[in-house]
Every structure is written in structure tokens, then in C-alpha cells.
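Structure record follows, encoded as C-alpha cells.
The values are calculated or read from the model by the stated rules, or taken from the named source; none is laboratory data. Not measured: the values here are computed from a predicted model. Note that each Cβ is placed from the backbone with ideal geometry, even for glycine, and that neighbours are counted across all protein chains shown.
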Amino acid sequence: MSDTAPAPVAAVARGGAINLVGAVVYGASNFVVLVVLNHSLGVEQAAVVVVAIALFNVVSTVAALGCTTGLVRTISRLRAIDEPERLHATLRVALGPVLVVSCAAALAVAAAAPALAEILADGSTVAEVARVLRWMAPFIPLATLHTVVIQGTRGFDTMVPVVAVERIGRAVALPAVIVVATAAGTGPTGAAAAWAATNAVALVFSLRAMTSRMDRALSVSGRDPVAADSTFRRAYWRFTAPRAVGQASEVAVNWSDTIIVSALVSTTAAGIYASGTRYLLPGLFAAEALMQVTGPRISGLMARHRSGEASELIQVVAGWQVAVLWPIYIVIAVFPTPLLRVFGPEVVEARGALVALAIAMLAASPIGPAASAILMAGRSSQAMGNTVAVLTVNIVGNLLFVPRHGITAAGVVWGVTIVLAALLPGWQCRGLGIITLGRPAAVGAVLAVATFGSGAAVARLGLGDTPAGLVTAGIVGSVGYLVGSRFVRDSLHLTSLRGGSKPVTPVDPASPDGPTDQEMHARP
């Protein structure tokens, strides 16, 4: 692989750098939200909010009908084949069914709140969970529409709307509104409703970001919009319908263990588990950040049968993923106790689950955004099969082991599904002529082990699983990592990632490696 970044890598770096910043802010925000909830409401009452948020996320993702991916793929392909006149029709085709289904889902959750609370909660928290669900239900359609629209803007080969509106704007607002709600004495109900209400404001900005880009693309083409015919509708839903099942399975994997722990053990245990495993979020968000910005680029390459370039791109992104994630999860695996005490002494009980998840992230990250390649190649049915298989393993594993071994078993099962979710598409990519494992990931892993791994091991042996050991490992590892990264920056294309936000020389906008519409025109 050349040390000079190829054009697709440079293009992904432009969005990847800003998306990683957004992922850091978003992960930190979710972390702060849980700290605020635990310290202001107590672990038991905070658990009520966490369980309700889990159900809210599952329902709103199911109601999205797979359109987050459907819009990205369709918009990026329409731009690649120069058919911007179909963009507005694509949005209408997607949002009509989503609005109907999400409204029906909101009514169902409100009506079934008492029954759902009986399943999800125990003891005195049952009535509180039912009340929280009723207050959150009206915001389900708004949250669903916001998610579909803001994620759909990625089809324009830009991460700016996602980062600005969701990853930074809404993320920064969440802790603030929850602090206000809890300080006003509204309890779990007010905190949960405030969390859900932020979607209403975000929807306004996401719609503006989407429609302005569609209008701009149509204006540049000089054409009139074309209505969607039955052939176009069938083609869109033929791809998107299987993705609806896939996305529902993915969000269920992320939240089903919390729901199952709440149902089979206790609401408080679910709160402890959810808080303790939140250290998984930075890595998940960072991996998602790189995958999201890679997806539209892979779609363009696959549409032109350039699988060699797609392989190179995925391998470079996998290297970035390892470079970002391995230092984090090495430290988490070695020093779980001081990290968990931030949430409160009770949360240390989640130590085993957190270690298992950290090890799983270390194992999965070198495969890179293989799942994105499967989707962008149009194999949504295959992706659906993968997620259903992963969900089955997750649910069966939790039902078998959580009643006997508690939250540690939930963490181990989730870790197994993370690795499985990476391995399946990684293996299937070979059928597309794409090789996901490469030199960049290996170089990143060696660098992380040599610096953070050795530093953490020495600090743990000398100072134990203590705050002093954690700080020492972080300082020693960071210094070594910064020095070592200078020697491998070409192998990892770190210069491209670091310079991702710098202006680039304009090239042919019709080229798959050309600037995005967002880069070509001044942003308001």
C-alpha cells in the first residue's frame, strides 16, 4: 500500500476527522448524562430513566424502517449517476411510511405502558417506569424522523449536519436539560421527558440541513424535480425493507441486555449495568463515526466496480479504528475499578462486564467497516441475516446466563456478539473481492500494545487497580504513543486524518473523488 494517501482515503479523512471530534463529544455527553442521573436521582431512580431510554431507542429505531441506511445509499447513488431530480421524491418515499409507523408506535407505547412496566421493572419502580414511558411516548415520531433525516444527509458525502446537529448540538444540550429537570424536582419523569424533548428541536435543524442540500443539488443541475414512480418506490423499499429488520436487530443488541437484566434481575441492576458499560460508548461512537463517513464513498466505488480501491480504503479506516480504540480499551481492561467509581461505589459491580466488553472491542476493531461494505454493495438481505444471527446469539445467551451469573454474563454475551458482528461481514466481504484485514490495523495494534499496553501492565503491577495506576498508565502510554506514532504515520495515513479538515484543491465535482456539494458552496 502506498504511503501517499489515495484520493478516496483523503476524501474519507475530510469527513472522518470532524466525525471523530463529534463522536468524542457525543460519547462524553452520554457519559455525563449517566453521572448526573446517578448522582442527582440515585442509582435506583436513574435506572428507571435508563430502562425507559432503552425501550424508547429500540422503538424509534424499529419505526425508522431502515430508512437511515436507505436514504444514504439512494442519495449517494443518485448523485453518483447524476440524477438529482429524484432526490426530493426519495425523501417523500422514505418519510411517509416512517411517520405513520412512528405515530402508531407512540400510541402503542402510551397504551401499553403499565404492561411494559410490569415486565421491565420490579417493586416500587413499576409505577414510575409506566409514568415515564407515557411522558416519553409523544416524542417517538419526532425522534424517529430526526434520526432518519439527519443520518440521510450523509448521502451528500458530508458529516457536518450529523456532527453539528446530533453529535455536538443535541449532545451538549442533553446534560444541561437533565440538570435543569432534576434540579426542578421533576424526578425520573421530568429527566426522561427532557431527554426525549431534545429531539423536537433537533428535527427542525435536521430538516433544514437535508432540504437545503437537496435544493442546492437540484438548482446546480438546472432540472425540475421528478415524482417517484412505482418502479422507483419498489427499488427503494426492496433494499430498505431488509435493512429495517437489520437496524431493529442492531439496536436490540445494544439495548436488549439492559432490558433483560431489568426484567430478570432488577431495575437497579440494569441501571448499574448500563452505567458500568457506558465506557464502551466512546469506541462504538468512534467506530460508527468512521463507518458512516466511509459508507457513501464505498457505495460510489462499488457502483464503479472498483473493489481494489474499496479494499484499500477499508484497510486504512480499520487502521484508524485500531489507532483510536486500542489505547482506550487497553486502559479500560486493565483499570476498570477507578473508572467505574465515577458513577458511584455500587457501579463497581459491573467490573467483569466492562472488562469483557473492552476485550471484545480490541478483537473486533481491526476488521474495520466491513458491515458498511456489505450494505453499500446492496446486500441488505445479507446484512439483515447477519444482524438477526447476532441478535439471536445475544438474546439466547442473556436468557441462559444472566439469571445465574448476573450482569457479568450480560457483558460477556454482548462482547461475543460484538466480535461476531465484525467477523461475519468481514468474511463475506471476500465474496465482493474486498479484503478488510491489512497492514494499517496490524501497525496500529503493535503501536498500542508497545506503548499503552506496556505502560498499563507496569502501572497495574506496581500501583494496582487504583486511580494512581490509571493516571500513571495514561501518562506513560500517551507519551510513548505520541512519539511512536511519528514513526508509523505514513503506514497509518495519520497525516491524512489529521489534515482532514483542511481545504483541498477543487477538482471535477462529477468525479467520485471530487468535493462534496457542502464543500463547494459556502455554508450558512
Within the stretch 17-32, residues surrounded by fewer than 24 Cβ atoms within 10 Å (Cβ to Cβ) and either among the hydrophobic types (A, V, I, L, M, F, W, C) or over 21 Å from R170 (Cα atoms) (or both) come out as A17, I18, L20, V21, V24, V25, A28, F31, V32
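The rows are residues; the columns are (1) among the hydroxyl-bearing types (S, T, Y); (2) modelled with pLDDT of 85 or more; (3) part of a helix (DSSP H, G or I).
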| residue | (1), (2), (3) |
| --- | --- |
| L354 | no, yes, yes |
| L357 | no, yes, yes |
| T392 | yes, yes, yes |
| P403 | no, yes, yes |
| A421 | no, yes, yes |
| Q428 | no, no, yes |
| V446 | no, yes, yes |
| G455 | no, yes, yes |
| G462 | no, yes, yes |
Of the residues in the stretch 466-517 that are among the charged types (D, E, K, R) and in a helix (DSSP H, G or I), the one that is modelled with the highest pLDDT is R486
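One line per residue, one yes/no per condition, for (1) touching a Leu at 6+ places or on another chain (Cβ under 6 Å); (2) closer than 30 Å to L37 by Cβ; (3) surrounded by fewer than 21 Cβ atoms within 10 Å (Cβ to Cβ); (4) aromatic (F, W, Y):
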residue: P345; (1), (2), (3), (4): no, yes, yes, no
residue: A370; (1), (2), (3), (4): no, no, no, no
residue: L391; (1), (2), (3), (4): no, yes, no, no
residue: G438; (1), (2), (3), (4): no, no, yes, no
Log entry, pairs with first residue in the stretch 230-243 being closer than 14 Å to R73 by Cα, second being surrounded by fewer than 20 Cβ atoms within 10 Å (Cβ to Cβ), beta carbons closer than 6 Å, six or more apart or on different chains, reads P242/S381
When the stretch 245-269 is checked residue by residue, the ones that are within 29 Å of V98 (Cβ to Cβ) and not polar (S, T, N, Q) are V245, G246, A248, E250, V251, A252, V253, W255, D257, I259, I260, A263
Of the residues in the stretch 467-487, those that are surrounded by fewer than 15 Cβ atoms within 10 Å (Cβ to Cβ) and either among the hydrophobic types (A, V, I, L, M, F, W, C) or more than 30 Å from the chain's Cα centre (by Cα) (or both) number 7
Scanning the stretch 140-181 residue by residue, the ones that are of a type in the set (D, E) and either closer than 23 Å to V100 by Cβ or part of a helix (DSSP H, G or I) (or both) total 1
Counting only helices (runs of 4 or more DSSP H) entirely within the stretch 54-139, those with at least 3 residues that are touching a residue at least 60 places away in the same chain (Cβ under 8 Å) and closer than 28 Å to A228 by Cβ are 67-80, 87-120
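The rows are residues; the columns are (1) modelled with pLDDT of 90 or more; (2) crowded, with 24+ Cβ neighbours inside 10 Å; (3) touching a Pro at 6+ places or on another chain (Cβ under 8 Å).
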{"site": "D122", "(1), (2), (3)": "no, no, no"}
{"site": "A127", "(1), (2), (3)": "no, no, no"}
{"site": "I140", "(1), (2), (3)": "yes, yes, no"}
{"site": "G155", "(1), (2), (3)": "no, yes, yes"}
{"site": "M159", "(1), (2), (3)": "no, yes, no"}
{"site": "R167", "(1), (2), (3)": "no, yes, no"}
{"site": "R170", "(1), (2), (3)": "yes, no, no"}
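Can you find, within the stretch 211-232, the residue that is farthest from T144 (Cα to Cα) among those that are under 30 Å from the mean Cα position of the chain (by Cα) and surrounded by fewer than 16 Cβ atoms within 10 Å (Cβ to Cβ)?
Result: D215.
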